[in-house]
Structures are given as C-alpha cells and as structure tokens.
Amino acid sequence: MLTDKQESLNSDEYIRYSRQIMIEQWGESTQISLKKLSVIIVGAGGLGNIAASYLVGAGVGYVAIVDGDEVELSNLPRQIAFDIDSIENSKAYELAERLRSQNDHVEVVGFHGYITADNIQHLIPPCDLVIDCTDNFEIRQLLNRHCVVNRIPLLSGSVTKWQGQLLLVDPRQPAAGCYRCLFSQDQASEGNCNTIGVIGPMVGVIGAFQASQALAYLTRQHCQLSDQIALIDGDTLGIKLLQRSKNAQCSVCHTVAGE
Amino acid sequence: MSSVLVNQQQTIEIEDGKTTLATLVTTIASGDDIAVAVNNHIITKEKWSEHLLCDNDNINIFGAIAGG
Ligand SMILES: [Zn+2]
C-alpha cells in the first residue's frame, strides 16, 4: 500500500478514468484507492504485456515488471507492446518504458532479471498483488511459496495452445489452498509457449482476464478466482469454474500452518 | 451399469459407490501432474484413494500449463 499518493484526482485524471468512474460500484473513491495500491507483474511476455497495460491504464498507483528475457522475433505475434526495434532489448525495460508513456500518473519500474530463491525476497517485497505471467513451473512454484509464506495475494495465469488457466491464491481464503495444492511438481511434461506453442490471441484473452480479476480483487478484496480455478478454452469458448480446496499434504500450506 | 462422464466427452463405466477416484485416474490418465474435479469441486490428490464415485458424476481431469 502506497501512502504518499494524493487523496484526490486532478482534472486530467478525472477525464482519463471517467469511463470507469461512471460505473456505479466504482466511482471516484475506488479510483482514488487504486492510486495507493502496488502490483508486481512477473513475466513481461504475452500475458504480462496485456495485464500490465490494462492495470497501468486503469490507474493502479505502482506497477513493477520483472523479467530476465530479451525480445525475440518469435514473440512479436502476441507480445504487442514490442516491435521490430525492440528485438534483443530487455522485455522488462521495454514494457516499462511503453507503460510510462501510456500513463504518467502511474509509477512504473522495470527489473531485468529472473526470479530465483536467492533474490525473490528482494524482487518481490510486500505489495497488494503479485501477478504470475511467467512461462515455467519452477518460477511458478517459487512465487507460490514466497507469496503464501508472506501472505501476498498471487494471481496466476497460464496459457498454451487454445487453453488458459487462472486462479488466485488468496491469503484471506486459506481453505482454498495454493498453487502447489493443485500441481505439486516443479517440472511437468506439458510445456510452455516455446515448446508446445500458443495461439496469439489466447495470451490476450487470459492476460485481460488477469487484469479484470486483479481490478475486481484490488477494489473488493475478493474475486471469483479467490477459491476457484478457471479453465478457459478459446476454441470452444468454454469457461469452467472449479471449486478449490487445500491439500492436507501440501508442503507449502503445511509450512505456513506450522509456523 | 453405472458410469461417469469425463471432460464432457468420455463415458467410463464404474461400480456405483465402490470405484475410487484413484482407480479412475489410473485407468484413463498418465502419471503427469494432473488435477481432478468431481461435480465441479477439485478433489486434492491425497483424497483420491478414498473418494468413491457415483453414477452420473461429472469429472474434469486437467494438467498444469505454464506458458505465459
Ligand atoms: Zn498449498
């Protein structure tokens, strides 16, 4: 939570955010409260491009982007913040620069580097929400453990081919369990966009759902994903919501419960 | 004969109130990191061997995906 942000909107902000302020349940007070919130987005690929752009656009006060990748030609079909001149540049820096030009009312910071067990404490400090937009199981499990132990809400999104998955590990809903309660391995045969491919627009679909559910959670302290997982099929337009529960043998939840 | 519907596609015969979820999973899924829901509720892995399936149960089996 950022405390030094103004308690009001200036005229530029009022016009900029007018289309969401006019929604009855949103209003000026919600818009002001968003300015005080901080979100860390891990992964500046397809999901991160979209989720970050909508959250910065919406006026979340502080947004950090963490990624150690550089932009490659094969990223351009779906990572729409980048263009041909971005190739070989840091994704985190490129995206952060683009976001700053999108909305200069938001403090945007880019960190070029991969999350590891050694640096996670430094790169993921206490904040209002972490959004997992990464592309591998090792970092997903690392983020999950860190967020559960430090009681930071974690909104996880993933995508391959035509399919996407979304869930929120919510410290307010420990009975719903964590990411590891569902998936216990650090590696799995089902791969990522680099190994089994992805339909470009699907990262847009899942990234946009991450942004909308993040805004729902940040403004209401609850969202549909707090105790459910969403399975989304972009081919059949199917969305399946499944109720989650804690795995009694989960090593992560067990660590926290045993403290 | 009783049966369950898996992923909206596959009908599998079971013994009502006797076949466990663990048995069903071993029959139709590989040993990958998978999650299973019965009637829209995830059954966590440690409960698979004690969860008894019923006629017309609706089963979802899915694997973790990691792309971003
Ligand atoms: Zn857990």
Please state, rounded to one decimal and in Å, the Kirkwood hydrodynamic radius that chain A gives when every pair of distinct Cα atoms enters the mean of 1/r.
18.6
At 20 °C and 1.002 mPa s, grab the translational diffusion coefficient of the range A:137-259 from Stokes-Einstein with a Kirkwood Rh over Cα pairs, rounded to a whole number in µm² per second.
144
When the charge dipole of the range A:11-243 is computed with +1 at the Cβ of Lys and Arg and -1 at the Cβ of Asp and Glu, the Cα pointing farthest to the positive end, of A:V149, A:I50, A:A81, is that of A:V149
Neighbour-count ranking for A:M22, A:M202 (other C-beta within 10 angstrom, fewest to most) reads A:M22, A:M202
Output the Kirkwood hydrodynamic radius of the range A:26-129, Cα pairs only, in Å rounded to one decimal.
14.0
Looking at chain A, what % of its DSSP beta bridges pair antiparallel, to the nearest 5?
50
Two-site label geometry, A:Q243 and A:M22: point separation in nm, points 7 Å out along Cα→Cβ
4.0
Could you list A:E13, A:E70, A:E24 in order of exposure, starting from the residue whose Cβ has the fewest other Cβ atoms within 10 Å?
A:E24, A:E70, A:E13
Can you tell me the relative contact order of chain A? Whole percent, Cα pairs under 8 Å, sequence separation 6 or more.
18
State, to one decimal in nm, how far the label point of B:T26 lies from the label point of B:H51, with both points 7 Å from Cα in the Cβ direction.
1.7
Using a 10 Å cut-off on Cβ to Cβ distances, tally the other chain neighbours for every residue of A:161-167 and report the average as a whole number.
2
From the Cα trace of the range B:2-63, what convex hull volume per residue do you get, rounded to a whole Å³?
72
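Return A:L55, A:L95, A:L241 ranked ascending by Cβ neighbour count within 10 Å, so the fewest neighbours appear first.
The fewest-first ordering by Cβ neighbours comes to A:L241, A:L55, A:L95.
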Within the range A:1-140: Cβ-based charge dipole about Cα centre, in debye rounded to nearest 20 (Lys, Arg +1; Asp, Glu -1)
420
Treating only the Cβ of Lys, Arg, Asp and Glu as charged (+1, +1, -1, -1), what charge dipole size does the protein assembly as shown show about its Cα centre? Round to the nearest 20 debye.
660
Out of A:F137, A:L182, A:V109 - ranked by how far each Cα lies towards the positive end of the dipole of the range A:86-200, with unit charges on the beta-carbon of charged residues - the top one is A:L182
Which of the pairs A:K91/A:K240; A:K91/A:K246; A:K240/B:K47; A:K35/A:K240; A:K91/B:K45; A:K35/A:K246 have their Cα atoms more than 27 Å apart in this structure?
A:K91/A:K240; A:K91/A:K246; A:K35/A:K240; A:K91/B:K45; A:K35/A:K246
The answer for GluC sites (Glu not before Pro) in the range A:87-172 that fall in a DSSP coil and have at most 11 neighbouring Cβ atoms within 10 Å is A:E88
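No value in this document is a laboratory result; all are computed from the given coordinates. Small disclaimer: the values here were computed from a predicted structure and weren't measured. With ideal geometry, Cβ positions are generated from the backbone for all residues, glycine too; neighbour counts draw on all protein chains shown.
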